[in-house]
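> Can you read through this structure? Questions will come right after.
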Amino acid sequence: MQKGYFGKFGGQFVPETLMKALFELESRYKKFSKDPNQQKLFQQQLRDFVGRPTALYFAENLTKFCGGAKIYLKREDLAHTGAHKINNALGQALLAKFMGKTRVIAETGAGQHGVATAVAAAKLGLKCVIFMGEVDMARQQPNVLRMRLLGATVTPVSSGSKTLKDAINEAIRDWIANIKSTHYLMGSVLGPHPYPTMVRDFQKVIGREARTQILNREGKLPDYLIACVGGGSNSIGLFYNFLKDKNIKMIGVEAGGLGIKSGKHAARFEGGRVGILHGTKSFVLQDKYGQILETHSVSAGLDYPSIGPEHANLENLKRVNYTYATDAEALYGFKLLSEREGIIPALESAHAVAIAVKLAKTLNKNQIIIVNLSGRGDKDLETVSKLL
Amino acid sequence: MTTNRIVEKFKDFRKQKAPAFMPFIVANDPNFKTSLQIAQRISQHGDFLEIGFPYSDPLADGPTIQAADVRALKNGATTDSVLLMIKALRKTVAIPITVLVYANLVLQAGIDEFYKRAADSGIDGVLIPDAPIEEIADFAVAANKYGIKQIFLVAQTTDNPRLKKILKHAQGFLYLVSVLGVTGARQKFGNETQEFIRRVRKQTKLPLCVGFGVSTPEQCKAMIKAGADGVIVGSAIVDIIAKNLGKKDMLDKVSDFAKQFEN
């Protein structure tokens with residue numbers, strides 16, 4: 001297989017100015033991941049600062065409500081900053097320090113990755129600039145305030161659709177101009193090699209923990225894993241350590257928005273084709289000429305026209321089944337989990353909850369579903385209050 | 001192998017020891033008709049011409065070119081209309097034409113099909129700013145098949161061992177990215193730009209054109225002095241278009257600006 005590719009997906013489609021930085025990142029990351037001191041420090045911080053391992057929680061009420069399979073929630077919402085994003089942000093921020101960089105930049109959609117990056121930067125004494133689309137800033141106001149409080153500069157992005165896609169464009173432009181001092185702390189399994197591999201490695205702790213936890217609790221492995229997929233970091237984080245267990249079925253849930261027929265969605269496997277965006281070849285929502293389409297989702301974190309290249313490969317290999325939940329279904333999942341379990345999920349994670357509820361009803365009581373509850377929903381209260 | 005206008009023209013320029021001026025515009029900015037007229041007018045002052053395909057996500061470009069892309073796309077620009085414009089331009093313009101096109105547009109047109117149509121439209125060189133040598137194989141095969149020169153970027157961050165690898169692929173001319181940054185007019189350049197040109201000059205006889213931010217004749221002279229064969233002026237021209245949208249004398253203003261760079 002060609003370097004940096006997952007099957008026929010991936011690669012390094014970036015301007016020449018960035019190539020040296022990508023090579024440097026790849027080689028320093030290799031050193032970092034083999035350096036016992038760095039790894040010890042990282043593991044310590046995951047435990048003491050992030051609060052890992054996060055709980056694997058048996059959602060008894062939800063299970064009863066569905067009357068089928070047992071539903072477990074991997075509680076990434078309980079990690080510091082309220083989402084799984086901190087696993088990767090902390091890892092890359094430590095790596096940035098290890099590389100001698102003084103400044104980190106990041107894109108953010110829902111604001112969870114921006115907050116996680118701002119937290120890691122504050123903790124490690126790095127300068128931090130977060131790029132965020134104006135539309136997303138408006139719908140995730142609490143996270144904007146959080147990032148600013150943490151000492152980060154939040155730069156509004158007003159080009160294009162003013163969402164995550166455009167924030168990534170701006171972050172890449174900034175990186176090109178400040179390549180010597182700056183590490184681009186990408187938040188998902190997207191972008192040019194080595195990002196999709198590196199970010200997955202920082203997130204696979206989710207599945208590693210879940211595996212041990214479910215074996216301790218149930219004495220067997222789960223039947224299904226379900227997670228929402230924007231770029232795809234929380235889902236690959238959960239899936240990765242189970243990929244070799246052929247009996248375990250995996251479902252990635254994309255944002256169905258207002259429905260596939262409406263055209264207002266972010267379901268790349270429904271309406272997309274193979275294309276190139278932000279340095280990687282994967283499934284992309286685009287017009288017939290290759291102009292990238294604007295997407296829609298009630299959740300900012302899933303509102304993105306491409307998907308991580310490793311997911312494209314897993315779809316191609318039929319190892320993971322990708323489906324979608326609409327805005328309305330996600331809101332239902334949001335409300336249901338809040339009322340039944342006393343857990344307010346992020347709107348992104350609510351997509352996975354919605355599909356899990358549908359599926360659980362069709363399974364028997366001996367079967368087990370693990371849902372990745374990738375984040376908490378406090379950030380979404382304003383959006384939801386307008387819709388419910 | 002058929003002759004290529006880029007190669008022939010640089011041979012002439014080397015003989016005459018003349019610096020080459022390569023203006024850049026975004027195709028169909030602000031619309032098909034005006035853009036064609038602009039291209040015709042600046043071709044009277046340029047030795048080469050570079051034309052950008054408008055793209056929704058131009059990550060190597062600064063705000064000026066991005067805005068031009070948006071104008072063109074709003075007015076219906078597509079891969080088809082850009083190729084049509086260049087074909088129309090070819091009826092009256094004989095200078096070499098290079099296009100700058102992001103990888104996804106080529107991929108969606110079909111790589112072979114794109115180069116075939118490009119050659120048919122009179123395009124001499126293709127530069128894909130987001131396809132470094134690692135990703136160029138399929139594009140280069142098609143370029144070669146249709147007699148088009150595949151143009152490569154070289155940046156200040158490109159060290160000499162990597163430059164040698166790029167030179168194995170490079171054809172026509174090398175596009176030197178003058179600064180660490182995206183496109184957009186610059187007030188001034190640091191010494192590192194000239195040092196960069198001198199460094200690359202030592203490694204190759206291939207013509208060197210410097211772009212990204214070059215906006216005045218004085219800057220051009222400095223680049224030429226450092227060893228460049230030519231300069232590419234883009235954002236400064238596009239900026240004049242942007243500031244004179246809908247005005248009758250836009251063509252004259254663009255033309256007057258380009259004239260300053262003539263030999």
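We did not get these values from a lab; they are worked out from the coordinates using the rules stated. Fair warning: this is a prediction, and the values are worked out from it, not measured in the lab. Using ideal geometry, Cβ is built from the backbone for each residue, glycine included, and neighbour counts are taken over all protein chains shown.
> With a cut-off of at most 14 other beta carbons within 10 Å, and DSSP calling the residue loop, which trypsin sites (Lys or Arg not before Pro) in the stretch A:169-274 qualify? Please list them.
A:K180, A:K220, A:K244, A:K246, A:K261
> Which trypsin sites (Lys or Arg not before Pro) in the stretch A:300-388 pass both tests, a DSSP loop state and at most 12 other beta-carbon atoms within 10 Å?
Of the trypsin sites (Lys or Arg not before Pro), the ones in loops of the stretch A:300-388 whose Cβ has at most 12 other Cβ atoms within 10 Å are A:K318, A:K361, A:K365.
> Okay, next question. Take the Cα coordinates of the stretch B:1-136, assign each an equal point scatterer, and use the Debye formula without solvent to give log10 I(q)/I(0) at q = 0.09, 0.17, 0.19 Å⁻¹.
Normalising to I(0) and taking log10 leaves -0.26, -0.93, -1.15.
> Also, quick follow-up: Relative to the compact-globule scaling 2.2 N^0.38 Å, provide the ratio for the alpha-carbon radius of gyration of chain B.
0.92
> Go from 0 up to the bin containing the longest alpha carbon distance in the stretch B:184-244, width 5 Å each, and give me the % of pairs per bin.
Once binned at 5 Å, the Cα pair distances of the stretch B:184-244 give 4, 19, 29, 22, 13, 7, 4, 1, 0.
> Taking the Kirkwood radius as the inverse of the mean 1/r across Cα pairs, report the Rg/Rh of the stretch B:121-253.
Using only Cα positions, Rg/Rh for the stretch B:121-253 is 1.01.
> Give the calculated FRET efficiency between B:K165 and A:E60 to the nearest 0.05, with a Förster radius of 56 Å applied to their Cβ-Cβ distance.
Approximately 0.40, to the nearest 0.05.
> Also, I was wondering about something else. I'd like the antiparallel share, as a percent to the nearest 5, of DSSP beta bridges with both residues in chain A.
30
> Ignoring trypsin sites (Lys or Arg not before Pro) that are buried or in helix or strand per DSSP, and keeping those with at most 13 other beta carbon atoms within 10 Å, what is the longest stretch of chain B between them?
With trypsin sites (Lys or Arg not before Pro) excluded where exposed in loops, chain B gives B:92-187 as its longest stretch.
> When the helix-only estimate is applied to chain A (DSSP H runs of n ≥ 4, each -39,500 (n - 2.57), divided by the residue count), what is the mean residue ellipticity at 222 nm, nearest 500 deg cm²/dmol?
Computed ellipticity for chain A at 222 nm equals -13000 deg cm²/dmol.
> So for B:I133, B:I123, A:I368, fewest C-beta neighbours within 10 Å to most, what's the order?
Going from least to most buried by this count: B:I133, A:I368, B:I123.
> Follow-up question, since we're still on this one. Using a cut-off of under 13 Å, list every residue of the stretch A:123-159 whose amide N is near the label point 7 Å from the Cα of A:D378 along the Cα-to-beta-carbon line.
A:142-147
> If each residue's Cβ is checked for other Cβ atoms within 10 Å, how do A:L150, B:L245, A:L190 rank with the fewest at the top?
Listed from fewest to most nearby Cβ atoms, that is B:L245, A:L150, A:L190.
> Binned at 10 Å from 0, what are the whole-percent values of the Cα-Cα distance distribution for the stretch A:232-354, short to long?
14, 42, 34, 10, 1
> Relative contact order of the stretch B:19-258: what whole-number percent is it, with Cα pairs under 8 angstrom and at least 6 residues apart?
Relative contact order comes out at 22 percent.
> Now for a separate question. Return the FRET efficiency for the residue pair A:K30, B:R198: r is the Cβ-Cβ distance, R0 is 35 Å, and the value is rounded to the nearest 0.05.
Efficiency for this residue pair is about 0.55.
> While we're on this one: Any idea what angle helix A:327-341 forms with the longest principal axis of chain A, computed on alpha-carbon atoms, 0 to 90 degrees, nearest 10?
Here the helix axis deviates by roughly 70 degrees.
> Relative contact order of chain A: what whole-number percent is it, with Cα pairs under 8 angstrom and at least 6 residues apart?
This gives 21 percent for chain A.
> Taking the Cβ of each residue in B:M250, A:M132 as the centre, tally the other Cβ atoms inside 10 Å and list the residues starting with the fewest.
Taking fewest neighbouring Cβ atoms as first place, the list is B:M250, A:M132.
> Here's another thing I want to ask about it. So what are chain A's ellipsoid semi-axes, whole angstrom, largest first, if each one is the square root of 5 times an eigenvalue of the alpha-carbon gyration tensor?
Calculated on Cα positions only, the semi-axes equal 29, 23, 21 Å.
> Would you mind checking the stretch A:354-388 for residues with the amide N under 16 Å from a putative spin-label position 7 Å along Cα→C-beta of A:L258?
In the stretch A:354-388, the label zone of A:L258 (backbone N under 16 Å from the point 7 Å along Cα→Cβ) covers A:387.
> In nanometres, what is the gap between the two model label sites at A:K318 and A:R217, each 7 Å from Cα along Cα-to-Cβ?
3.1
> Next question, about the same structure. Got a sec? Which residues in the stretch B:51-76 would a label at A:E134 touch, if it sits 7 Å along Cα→Cβ and we count backbone N under 15 Å?
B:67
> In square nanometres, what is one fourth of the surface area of the convex hull spanned by the alpha carbons of the protein assembly as shown?
28.2
> Taking R0 as 25 Å, what's the FRET efficiency between B:D120 and B:Q16 from their Cβ-Cβ distance, rounded to 0.05?
0.20
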